[in-house]
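Below is one structure, written out as C-alpha cells; comments come after it.
The values are calculated or read from the model by the stated rules, or taken from the named source; none is laboratory data. Here the structure is a predicted model, which means the values were calculated and not measured. Glycine gets a Cβ as well: all are built from the backbone with ideal geometry, and neighbour counts include every protein chain shown.
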Amino acid sequence: MYFRYKEHQIHFTDDGRGDALVFLHGLGGNARNWTYQRQHFVSRRRVICLDLPGHGKSEGKNIEFSAFVDVVIALIDHLGIDKVAICGLSKGARVGLGVAARARDRVSALIVVNTCLCLSPSDQAARTTLYDELLLGPAGMQSWARQLLAQMAIEEGTTIYQGFLRSLNSLDGPYIRALFQQIQDYDQRSEVATISSPTLLIHGAKDQIVPSYCHGELQQLIPHAVHQVFERCGHLPYLEAPERFNEAVESFLSDEAS
C-alpha cells in the first residue's frame with residue numbers, strides 16, 4: 001500500500017485488526033525486516049510496517065531525517081487511527097521517540113530498541129570513519145557491511161548475516177552516508193525528556209553499535225520507562241531472538257492496556 005506525503009509515494013503494509021502497532025526499521029532497512037513480528041502480531045493487533053522515506057519502496061530521499069516524524073504522523077492520519085503503539089529499532093526508534101514527543105496524545109505505548117541520542121566525540125569520530133572510509137571508500141560496501149555486522153554482534157554465516165550482505169545490492173551508499181550524518185547531528189534530547197507514553201527500552205547486551213552510556217541516558221530522560229536487557233543478543237534482538245522479543249513486546253503492551 002502507498003500514501004502520499006507531499007509529492008512522495010510512501011510504502012507501508014497494513015495487516016490484521018485491533019489496536020494498531022507500528023514498526024519502524026533502522027538505517028538502510030525496510031518494512032520486510034519485521035516479518036517475524038508481522039507473523040506473530042497479525043492475529044492479535046493491526047500491524048503496520050512502514051518503509052521510511054528513501055528506503056524500500058518509498059520515495060523521498062530529499063526528506064530530512066527531522067521530518068521523518070511528520071511522515072509517520074501523516075500515515076496515522078491517513079489511516080484514520082486515533083492512537084498507535086510504536087516499536088522502532090535504532091534510527092526507527094528515534095523516529096518513534098519523536099512521534100511520542102510531538103504527538104503525545106497519539107502514542108499509547110512506545111518500544112525503543114537499541115538506539116542512541118548522542119555519541120561521545122570519540123565514538124562519533126569512529127562511526128564517521130566507518131561510513132567515510134568503508135561505505136564510500138575503495139574497499140566498498142562489503143567491507144563496510146562486515147565491520148558493521150561485527151559491531152552489531154551478528155555471527156558470520158548466520159541467516160541474518162547473509163541476508164544483510166544480500167541487501168547491499170539495493171543499498172544507495174551515498175544516500176545512507178548522508179542520512180547517517182543527519183541522524184548523528186540531530187540532537188533530540190530535549191524533546192525526548194517530554195515523553196509521557198509508557199515506554200519499554202530494549203537493549204541487546206552484545207551490541208557495540210549503541211554504547212551502554214546511551215541506554216543510561218535514555219533511562220535518565222524517560223525515568224518511567226521499563227528496561228529489558230537481552231543478554232545473548234546484539235543490535236537486532238527482534239531477529240536474533242524473535243520469540244522472546246515478541247513475548248516481551250506483547251507482555252508490555254498487555255500490561256499497559258490493563
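Within the range 134-164, the only residue that satisfies the criterion of being surrounded by fewer than 14 Cβ atoms within 10 Å (Cβ to Cβ) and among the aliphatic types (A, V, I, L, M) is ALA139. Can you find, within the range 233-249, the residue that is surrounded by the fewest Cβ atoms within 10 Å (Cβ to Cβ) among those that are free of Cβ contacts under 8 Å to residues at least 24 places away in the same chain and under 16 Å from ALA205 (Cα atoms)? Going through the qualifying residues, I end up with ARG244.
In the range 40-66, the residues that are farther than 14 Å from CYS87 by Cβ and without any contact (Cβ under 8 Å) to a residue 40 or more places away in the chain reach residues that are of a type in the set (S, T, N, Q) and surrounded by fewer than 20 Cβ atoms within 10 Å (Cβ to Cβ) with C-beta atoms within less than 7 angstrom, at least six apart or across chains, in these pairs: HIS55/ASN30.
Cβ-Cβ distances below 6 Å connect the following pairs, each with a first residue in the range 185-209 that is assigned to a loop (DSSP other than H, G, I, E, B), a second residue that is among the acidic types (Asp, Glu) and at pLDDT 95 or above, and a separation of six or more residues or different chains: ALA205/GLU231.
Conditions tested, residue by residue: (1) exposed (fewer than 15 other Cβ atoms within 10 Å of the Cβ); (2) modelled with pLDDT of 95 or more; (3) over 14 Å from the mean Cα position of the chain (by Cα); (4) not small (Gly, Ala, Ser).
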position: GLY18; (1), (2), (3), (4): yes, yes, yes, no
position: GLN37; (1), (2), (3), (4): no, yes, no, yes
position: PHE41; (1), (2), (3), (4): no, yes, yes, yes
position: HIS55; (1), (2), (3), (4): no, yes, no, yes
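Exactly one residue out of ARG127, ARG94, ARG146 is assigned to a helix (DSSP H, G or I), at pLDDT 95 or above and of a type in the set (Lys, Arg), and it is ARG94.
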